[in-house]
Amino acid sequence: MNHRICTYVTSLVALAVLAAIVSAAEPAQWPRFRGPNGAGVADGPTIPAQWTEKDYNWKVELPGGGHSSPVVWGDRLFVTSGMPDTAKRIVMCLKTADGGTLWKREYDSAPCKQNDLNSYATTTPAVDKDRVYVSWATPEKYMVVALDHDGREVWQRDLGPFISQHGHGSSPIVFEGLVIVTSEQEGPKSFLAALDSKTGQVRWQCERRSEKAAYSTPCVYQPEDGGPQIIFTSQAHGVTAVDPKTGKVIWDVSDAFPKRVVGSPIVAAGLIIGACGEGGAGMHTIAVRPPKAGGKAEVAYKVTKSSPYVPMPAAKDGLMFLWSDTGTVTCVRTETGQEVWREKVGGNYYSSPLWVGNRIYNISTKGEVVVIAAAEKYELLGRTPLNEKCHATPAVADGRMYIRTWSHLMSVGKP
């Protein structure tokens, strides 16, 4: 081997080693509701399919209660709680290693009418390397608050009233320096908005028509031939793609959802997947194919049998699992919607399933973790009681699963 080739090979090896070091140094992240881009997909080979109390890394009690999910950045975990009697909102930061509290911030709020199944801590925070962003809403105020990782308030913004018979529930996301929120409500001022993540200033606001309040959290779609798009779903406007830089609508399928939207959209196999329903039952899950340059978006397929209303889909490797509110799981081909199998696992569900390794995890409202194989053949792998009601979706980071019940937070799995 001559000197030039040897130097070239040595450089490649050095770059590979450097890349491995940089990759290893990246902090563990679960930055928003249902993880990166809301997909609900994670690695977790050390998370068991079934466990007992002795298998928890730690378990701590939270003040008040709530249904929000935890989020993770590095060795810090952020979670919210609410006081049922006073509506006080509580933001906490805990150590992922042992559940110890690093800091706690409290915000006074006014009690308001909401669905009995809702709480004063339902929206999940969003987190980036600098700050954690928390939102809540009442008929008088829609608050978004930014705190640094040490609990110091950076800014807060009141976006005005939020009117809904069921209360508030949509969570913020962070994308390219923007905190993106939705306010698709039953009052006169529905809108989508992007706030500057550093200052809280409104960068854009997209006015919307009011109909039934929507509770979905947006996600990001990256087309092959253009810039990123923020995907929103609601009964009033169907599936909408918005330019994150300007807030202008790029395309929509306005009639996608004849009923209320609660579950959030995901992107899978180049499709936008979302669902609608009413009265605790799903109507249909719809797959929308985004437009190519100069074309129109189109409906690829609908799944109507045992469609979820609140739980989101979990999709990967050509398969998608639809976990209905009443405990029926349907496995379909993501690209076509063709049913592979459908089985009743039992229980009622407001948590959304997570695809972790080669398993699907979900938690019933009574607090039972049900685990099935992520496969073309149905296989029940485990059932674990949590002994408390649960509407929250877990977080997964660095080989651990963080489970939030009404008033407890716990960690299982080894890093």
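Would you mind stating whether residue 197 is farther than 15 Å from residue 167 by Cα, small (Gly, Ala, Ser), surrounded by 20 or more Cβ atoms within 10 Å (Cβ to Cβ) and in contact (Cβ under 8 Å) with a residue 40 or more places away in the chain? Outline the logic, then answer.
Numbers: farther than 15 Å from residue 167 by Cα: yes; small (Gly, Ala, Ser): yes; surrounded by 20 or more Cβ atoms within 10 Å (Cβ to Cβ): yes; in contact (Cβ under 8 Å) with a residue 40 or more places away in the chain: yes.
Considered against the rule, which asks whether it is farther than 15 Å from residue 167 by Cα, small (Gly, Ala, Ser), surrounded by 20 or more Cβ atoms within 10 Å (Cβ to Cβ) and in contact (Cβ under 8 Å) with a residue 40 or more places away in the chain, residue 197 comes out as yes.
Counting only strands (runs of 3 or more DSSP E) that sit wholly inside the range 277-331, those with at least 3 residues that are crowded, with 22+ Cβ neighbours inside 10 Å are 281-289, 319-323.
Tell me, please, whether a residue that is in a strand (DSSP E or B), on the phi < 0 side of the Ramachandran plot and buried (at least 16 other Cβ atoms within 10 Å of the Cβ) can be found in the range 343-351. Break it down stepwise before answering.
From the range 343-351, those in a strand (DSSP E or B) are 343-344; that's our starting set.
Those left that are additionally on the phi < 0 side of the Ramachandran plot: 343-344.
Filter again for buried (at least 16 other Cβ atoms within 10 Å of the Cβ), leaving none.
No, the range 343-351 contains no residue that is in a strand (DSSP E or B), on the phi < 0 side of the Ramachandran plot and buried (at least 16 other Cβ atoms within 10 Å of the Cβ).
Please determine whether any residue of the range 285-294 is farther than 23 Å from residue 225 by Cβ, in contact with a Ser or Thr (Cβ under 8 Å, 6 or more places away or on another chain) and touching a residue at least 24 places away in the same chain (Cβ under 8 Å). Looking through the range 285-294, at least one residue is farther than 23 Å from residue 225 by Cβ, in contact with a Ser or Thr (Cβ under 8 Å, 6 or more places away or on another chain) and touching a residue at least 24 places away in the same chain (Cβ under 8 Å). Just one of 274, 318 is without any contact (Cβ under 8 Å) to a residue 60 or more places away in the chain, of a type in the set (Gly, Ala, Ser) and on the phi > 0 side of the Ramachandran plot; which is it? The match here is 318.
Restricting the first member to the range 86-101 and to residues that are under 13 Å from residue 402 (Cβ atoms) and at pLDDT 95 or above, and the second to residues that are assigned to a loop (DSSP other than H, G, I, E, B) and not polar (S, T, N, Q), the beta-carbon pairs closer than 6 Å and six or more apart or on different chains are 96/75.
Exactly one residue among 43, 108, 55 is free of Cβ contacts under 8 Å to residues at least 60 places away in the same chain and acidic (Asp, Glu), and that residue is 108. Across the range 163-177, the number of residues qualifying as more than 17 Å from the chain's Cα centre (by Cα), touching a residue at least 24 places away in the same chain (Cβ under 8 Å) and within 20 Å of residue 203 (Cα to Cα) comes to 1. When restricted to residues that are surrounded by fewer than 24 Cβ atoms within 10 Å (Cβ to Cβ) and closer than 13 Å to residue 168 by Cβ, the range 118-135 contains 1. For the residues 171, 197, 190, 216, the requirement of being closer than 20 Å to residue 109 by Cβ and polar (S, T, N, Q) singles out 171. Within the range 388-410, if we keep just the residues that are surrounded by fewer than 24 Cβ atoms within 10 Å (Cβ to Cβ) and of a type in the set (Gly, Ala, Ser), the residue that is farthest from residue 90 (Cα to Cα) turns out to be 399.
Give the range 85-103 a look and list any residue that's surrounded by 14 or more Cβ atoms within 10 Å (Cβ to Cβ) and either basic (Lys, Arg) or not in a loop (DSSP other than H, G, I, E, B) (or both), or say none. Selection gives 88, 89, 90, 91, 92, 93, 94, 102, 103. Examine the range 247-264 for a residue that is within 24 Å of residue 353 (Cβ to Cβ) and surrounded by fewer than 23 Cβ atoms within 10 Å (Cβ to Cβ), and state whether such a residue exists. Looking through the range 247-264, at least one residue is within 24 Å of residue 353 (Cβ to Cβ) and surrounded by fewer than 23 Cβ atoms within 10 Å (Cβ to Cβ).
The values are calculated or read from the model by the stated rules, or taken from the named source; none is laboratory data. What you see is a predicted model, and the numbers here were worked out from it, not measured in a lab. Ideal geometry is used to build each Cβ from the backbone, glycine not excepted, and the neighbour counts take in all protein chains shown.
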